[in-house]
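Down below is the structure, laid out as structure tokens.
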Amino acid sequence: MAQGSSNQGSEEIAAVERLVASYGRIREQLAKVVVGQERVVEELLMTLFCRGHCILEGVPGLAKTLLIRTVARTMNLRFSRIQFTPDLMPSDITGTEVIEEDKATGSRSLRFVRGPIFANVVLADEVNRTPPKTQSALLEAMQEQQVTAGGSTHALPDPFFVLATQNPIEQEGTYPLPEAQLDRFIAKILVDYPSEEEELEIVKLTTAADASAVEAQLTAEEIIQLQRIVRKVPCSDHVIRYAMTLARWTRRGKGEVPSFVDDYVAWGAGPRASQHLVMAGKARALLRGRYYVSTEDIRQVAHSVLRHRVITNFNAEADGVDSDRVIDLLIEKAPRDASETIDESLAGRVFAPDKERAGERD
């Protein structure tokens, strides 16, 4: 039994090593098509390995759609794009039942025709351009990985990711996502303008010959295995409490929160934020080849995990304070007294058999 556990642990450590190597190759493949955006790429891949969904927000022309489609190709996943418009209906996303007639017998029956959501990577393009009724069609899919139509439940493929995009500059005729739906997204990633040198490379790349072909680096089965491994990465209690502190301090009027939270925050993050901070920290640690989570990992993922969960008030708007600035202040204020050498002692023992870990504690 111990030997079997040891073999399993070795296999999982080998899988992590393959993940780190594949991560580097995926970034190389993406660089053939997408120039720059290293931070966006990292946060997007962290979300995927957390088995979660994310929103990419940026002005038009920043390669958000191209990036998502290319990521799907590097992972050999089925890709589907849904262009959200004001007249889009829920059945246009999930699918619908149609009457099918058997020409031999003349009998009729209902057959479910699957919608574009039946894919591994679903791009919800400009998700805020459709009414809440249609936006809600994503909720069950994101949370339960299934859709219900005509009284029947249909399972979605595994792995399954919803990657939504938003345009922040055109708000007329848009429908902001309900807070309950925003909370289902692990991260909200901001896509910024490229630097001057990056824009030069973009122009040269897009006005020359066709870009190089992108090669798949991971399979769906490998991604599912890596998603399971991410959850096994240990996280010390003081790191979990650090993540909880960042989330709990956003809740106005709840306990001893910093004074600027009472001044600038209308609604804070719920418990799901603490969970997602830890999960994103685990994924970030693994992508860097570490088998433990540090408070630095939590700090680095805090903005993308919390920015869509911290709702600022009129005072913040008047003073030019947005949710990112509130998170900056929280990170500055949060205590960092706990020694991170506790985390380092876990290196190399993440996937050790339970008996070995129990023996070391004795």
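Read-outs: derived from the displayed coordinates by stated rules, not from any lab. Just so we're clear, the structure is a prediction, and the values are computed from it rather than from any experiment. FYI the Cβ positions are ideal-geometry reconstructions off the backbone, even for glycines, and counts take in every protein chain you see.
Can you sort I223, I82, I186 by how many other beta carbons sit within 10 Å, fewest first?
Taking fewest neighbouring Cβ atoms as first place, the list is I223, I82, I186.
Which lysines, on any chain, are close to K133 with Cα under 24 Å apart, when same-chain ones fewer than 8 places away are left out?
Of all the lysines, those that pass the test against K133 - Cα under 24 Å, at least 8 places apart if same chain - are K188.
Under unit Cβ charges (Lys, Arg +1; Asp, Glu -1), what dipole magnitude, rounded to 20 debye, does the chain have relative to its Cα centre?
That gives the chain a dipole magnitude of about 920 debye.
Direction-averaged shadow area of the convex hull around the Cα atoms of the chain, nm²?
24.6 nm²
Roughly what % antiparallel, to the nearest 5, for the DSSP beta bridges in the chain?
Rounded to the nearest five, the antiparallel share is 45 percent.
Once you put a point 7 Å from the Cα of S259 and another 7 Å from the Cα of D102, both along the Cβ direction, what distance in nm separates them?
Between S259 and D102, the label points sit 7.8 nm apart.
What FRET efficiency, computed as 1/(1 + (r/R0)^6) with R0 = 30 Å and r the Cβ-Cβ distance, is obtained for D87 and E201, rounded to the nearest 0.05?
Computed FRET efficiency for D87 and E201: 0.20.
Give, as ranges by residue number, the residues of the range 231-257 whose backbone N falls under 18 Å from the point 7 Å along Cα→Cβ of L182.
247-253
Highest first, please rank the peptides 279-287, 298-306, 321-329 by the mean number of other Cβ atoms sitting within 10 Å of their residues.
279-287, 298-306, 321-329
Quick check on the chain: helices-only [θ] at 222 nm, where DSSP H runs of length 4 and up contribute -39,500 (n - 2.57) each and the sum goes over total residues. Nearest 500, please.
-14000 deg cm²/dmol
Between T153 and N313, what is 0.36 nm times their sequence separation minus the Cα-Cα distance? Round to one decimal in nm.
53.6 nm
For the chain, set up a Gaussian network in which alpha carbons nearer than 10 Å are linked by springs, and say which option among V261, V203, V122 fluctuates the most.
Evaluated over the chain, the most mobile residue of the options is V203.
Restrict the search to the range 37-121; then list the trypsin sites (Lys or Arg not before Pro) that DSSP places in a loop and that have at most 14 other Cβ atoms within 10 Å of their Cβ.
R78, K103
Straight-line reach from K204: which lysines fall under 17 Å, measuring Cα to Cα and dropping same-chain residues less than 8 apart?
The qualifying lysines are K32.
What's the FRET efficiency of R27 with R325 using the Cβ-Cβ distance as r and R₀ = 35 Å, to the nearest 0.05?
Computed FRET efficiency for R27 and R325: 0.75.
Which lysines, if any, have their Cα less than 22 Å from the Cα of K232, not counting same-chain residues under 8 positions apart?
K282, K355
Loop by DSSP (not H, G, I, E, B), at most 11 other beta-carbon atoms within 10 Å: where is the longest site-free stretch of the chain for GluC sites (Glu not before Pro)?
1-171
Say each of K232 and R288 gets a label point 7 Å from the Cα, pointing the same way as Cα to Cβ; how far apart are those two points in nm?
2.2 nm
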